[in-house]
């Protein structure tokens, strides 16, 4: 019969993992010109205070955001902002072409929504303008005076 192995009686003079050192103060000079003691820096995985990482993500194009916002506002406000949304969308597309900025999808959505809104409002204006008594009839109802 085999006896299971156990750690009873094993050498316990050292812990299984080395003790972790407390994190030191951040590097750099703080208020009052404080400098950390030599050998202490930022804890691993943390950036020093005020450090800007060099691999930042590109910013989102403001024109792409404005394009989508103007196009959506144009749904409610007679389509006039949607024309600006289309213009801003094409500018946003040119700004996001090389990948230096994000927001290409918003610019495309702004152009598409803006064109659709302009066409719908345009069709509504034409339908009202060509109707001689300025009465739009829906289905079989004839509620016009």
Q. Which of the residues that make up region 65-100 are at negative phi and part of a loop (DSSP other than H, G, I, E, B)?
A. 77, 96, 97, 98, 100
(Q) Give me the residue from region 79-104 that is touching a helix residue (DSSP H, G or I) at 6+ places or on another chain (Cβ under 9 Å) and touching a residue at least 40 places away in the same chain (Cβ under 8 Å) and, out of that set, surrounded by the fewest Cβ atoms within 10 Å (Cβ to Cβ). (A) 102
Q. Would it be correct to say that residue 116 is at pLDDT below 95 and either on the phi < 0 side of the Ramachandran plot or not in a loop (DSSP other than H, G, I, E, B) (or both)?
A. no
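The values are calculated or read from the model by the stated rules, or taken from the named source; none is laboratory data. Nothing here was measured: the structure is a model prediction, and the numbers come from that model. Virtual Cβ from ideal backbone geometry, glycine too; neighbours counted across all protein chains shown.
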